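Just so you know, all these numbers are worked out from the coordinates, no wet-lab data involved. Small disclaimer: the values here were computed from a predicted structure and weren't measured. Don't worry about glycine lacking a Cβ; one is built from the backbone with ideal geometry, like all the others, and counts go over all protein chains shown.
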Amino acid sequence: GAVVSQHPSRVICKSGTSVKIECRSLDFQATTMFWYRQFPKQSLMLMATSNEGSKATYEQGVEKDKFLINHASLTLSTLTVTSAHPEDSSFYICSANEGWGTEAFFGQGTRLTVV
Amino acid sequence: GESVGLHLPTLSVQEGDNSIINCAYSNSASDYFIWYKQESGKGPQFIIDIRSNMDKRQGQRVTVLLNKTVKHLSLQIAATQPGDSAVYFCAEIPYMDSNYQLIWGAGTKLIIKP
């Protein structure tokens, strides 16, 4: 199947700094990518839908200025957590589809710890 | 709002037995359903999918059943193995969602007893 690569897999940062997470579709073009946040023992919570060449669509309650999403090409979307605080510590996951009606492929996830 | 699978149960199964994981959904307009497996510290992995015009679909050691009358989805895993230990999520896609946005269930943790 298609591969989605997410990097880094783990990151520890100081409170107040920014962290960028990359999501790449390695062998297909992804018009749409999704960013999720997952708390321990909970389901995935959609944060935003990222469309290539346009602004991301954020879910209600997700701060767009805090979670900056850039989808500059058909194979790369980035999520930047700005001015990170300990409460931003979480598992962040991206996914991408080749097209409508196809399965979503997920990245490996990024464990963010803000200290 | 509409949701899928509000519960997060834990299912313990003896190795070698069959596992049945259930999921209830509430969006009658959903067209496409997927089961994902998520191992600790990893992203979800596609297991099997089914469209609303089907009742059953089989894969390798897995079977998905869809009962639209009661809005119920189940995943059956035959001859459960230690490697099947994970959290299993059902997800649905509303009919003709242009972004193919998944609506996630709460998940079920499957524990395999030796």
Mind jotting down a quarter of the surface of the convex hull over the alpha carbons of the stretch A:1-93, in square nanometres, one decimal?
6.2
How high is the FRET efficiency from residue A:66 to residue B:22, r the C-beta distance, R0 41 Å, rounded to 0.05?
0.65
Quick one: P(r) of the protein assembly as shown from all Cα-Cα pairs, 5 Å bins, percents rounded to integers, in order of increasing distance.
1, 7, 14, 18, 19, 16, 12, 7, 4, 1, 0
If each residue of separation counts as 0.36 nm, what is the full-extension length gain between residue B:53 and residue B:67 once their alpha-carbon separation is subtracted?
4.0 nm
Could you tell me what a quarter of the Cα convex hull surface of chain B works out to, in nm² with one decimal place?
7.0
For the stretch A:12-115, which chymotrypsin sites (Phe, Trp or Tyr not before Pro) are both in a DSSP coil and crowded by at most 14 other Cβ atoms within 10 Å?
A:100
Using Cα pairs closer than 8 Å and at least 6 residues apart in sequence, work out the relative contact order for chain A, in percent.
37
Quickly work out the residue B:111-to-residue B:29 label distance, labels modelled 7 Å from Cα along the C-beta direction, and quote it in nm with one decimal.
4.0
Would you work out the relative contact order for the stretch A:63-107, in percent, from Cα pairs under 8 angstrom that are 6 or more residues apart?
24
Inter-chain shielding of A:37-45 (mean C-beta neighbours from other protein chains, 10 Å cut-off):
5
Going by C-beta contacts inside 10 Å, put A:81, A:3 in order with the fewest on the left.
A:3, A:81
Beyond 18 Å (Cα-Cα) in this structure, taken from B:42/B:109; A:20/B:37; A:41/B:109; A:41/B:56; A:55/B:42; A:41/B:42, we find A:20/B:37; A:41/B:56; A:55/B:42
Ignore the peptide's own chain and count Cβ atoms of other chains within 10 Å of each Cβ in B:32-42; give me the average, rounded.
3
